[in-house]
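Student: Let me begin by handing over the structure; questions about it come next.
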Amino acid sequence: MNKLNDILAYNEEFVANGEFEKYLTGRFPDKKMVIVTCMDTRLTELLPKALNLRNGDAKIIKNAGAIVTQPFGNIMRSILIALYELGANEVIVIGHHECGMTGLNSDVVIEHMLEKGVTQETINTLRNSGMHLERWLTGFDNVHDSVERSVGIIKNHPLLPASTPVHGLIIHPETGKLDLVVNGYESDN
Ligand code: ZN
C-alpha cells in the first residue's frame with residue numbers, strides 16, 4: 001500500500017468508529033490566540049502539549065522557520081483574519097532551537113533543485129525576471145533574532161488591531177521548554 005491508501009484506509013475506520021468525537025469543537029479559538037510556528041515534525045504534538053493547548057484553543061499557522069517576512073504575504077493575512085474574523089486577540093510567534101531554517105543556504109537549496117531536474121535555464125529565467133531566489137531561499141542565522149524580527153513585522157503592521165499583544169517565544173524541540181523573547185504585554189511599540 002502506498003501512503004495515500006494507508007491514510008484513506010485508516011480514515012475510513014477513524015470516522016466509522018466515531019474517533020472524531022473527542023475532538024469536536026468550534027472554529028473560534030477558545031483561548032483567543034493565533035500562533036505562528038514552525039512546521040518541524042518534532043513540534044506536531046509536542047507544541048500543543050507543552051502550551052496546554054487542546055483542539056479548539058488556538059489558530060496555529062505553520063511554515064518553515066515560523067518566519068513572517070512579508071507584511072502583505074500569506075502568513076500575515078492569516079494572522080489578520082484570525083484577529084478580525086475569528087475572535088483571536090493575541091499573537092504568539094514561536095521559533096525553536098535546531099530549526100532547519102537556521103543557516104539555510106540558498107546555494108545548497110538551488111543545487112538540490114538542479115539535482116532533482118530543475119534546469120539551470122529555469123533558475124536563470126526566474127533570476128532575470130526579478131525573482132530574488134537567493135533571498136527567498138535563505139533562512140536565518142539566529143532564531144532569537146528571527147523571532148524578534150517577525151514579532152516586529154506583525155507589531156508594526158498598519159492593519160493590526162490597536163493594542164494587540166504580540167509575543168515571541170522559542171521552544172526546545174525535545175523538552176518543550178519555552179524561552180521568552182518578547183513579552184507583548186510589556187513592549188512599547
Ligand atoms: Zn523549524
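The values are calculated or read from the model by the stated rules, or taken from the named source; none is laboratory data. Remember, it's a predicted structure, so these values are computed and weren't measured experimentally. Neighbour counts run over all protein chains shown; Cβ positions are idealised from the backbone, glycine included. SASA here: full protein model, heavy atoms, side chains in, ligands and nucleic acids out. Shrake-Rupley method; radii C 1.70, N 1.55, O 1.52, S 1.80 Å.
Student: Taking the alpha-carbon centroid of each part, what is the distance from the range 111-189 to the range 57-103 in angstrom?
Tutor: So the two Cα centres are separated by 9 Å.
Student: Kindly count the pairs of lysines across the chain whose alpha carbons are less than 24 Å apart, treating pairs on different chains or eight or more residues apart as eligible.
Tutor: Lysine pairs, 8 or more places apart or on different chains, close enough: 24.
Student: Most mobile of Leu43, Leu126, Leu53 per a Gaussian network model of the chain (Cα springs, under 10 Å)?
Tutor: Leu126
Student: To the nearest 10 square angstrom, what accessible area does Leu46 show with a 1.4 Å probe?
Tutor: Spelled out: Leu46, probe radius 1.4 Å, area about 40 Å².
Student: Report, in deg cm²/dmol and to the nearest 500, the calculated mean residue ellipticity at 222 nm for the chain, where each DSSP H run with n ≥ 4 adds -39500 (n - 2.57) and the sum is divided by the residue count.
Tutor: -11000 deg cm²/dmol
Student: Continuing with the same structure: Determine one quarter of the surface area of the Cα convex hull of the range 102-157, which equals its mean projected area, and express it in nm² to one decimal.
Tutor: 4.8
Student: Taking loop as defined by DSSP and a crowding limit of 10 other beta carbons within 10 Å, which trypsin sites (Lys or Arg not before Pro) in the range 9-63 fit?
Tutor: Passing both the DSSP loop test and the Cβ count: Arg27.
Student: Please work out the ratio of the alpha-carbon Rg of the chain to 2.2 N^0.38 Å and round it to two decimals.
Tutor: Working it through for the chain, the quotient is 1.18.
Student: Treating the range 91-189 as a set of equal point scatterers at the Cα positions, no solvent, please give the Debye-formula log₁₀ I(q)/I(0) at q = 0.15 Å⁻¹.
Tutor: Treating every Cα as an identical point scatterer, log10 I(q)/I(0) equals -0.75.
Student: Ignoring ligands, DNA and RNA, what percent of the 1.4 Å accessible area of the chain is carbon and sulfur?
Tutor: The value for the chain is 53 percent carbon and sulfur by accessible area.
Student: Under a 1.4 Å probe, what is the accessible area of the chain per residue, stated in Å²?
Tutor: So the chain comes to 63 Å² accessible per residue, rounded to a whole number.
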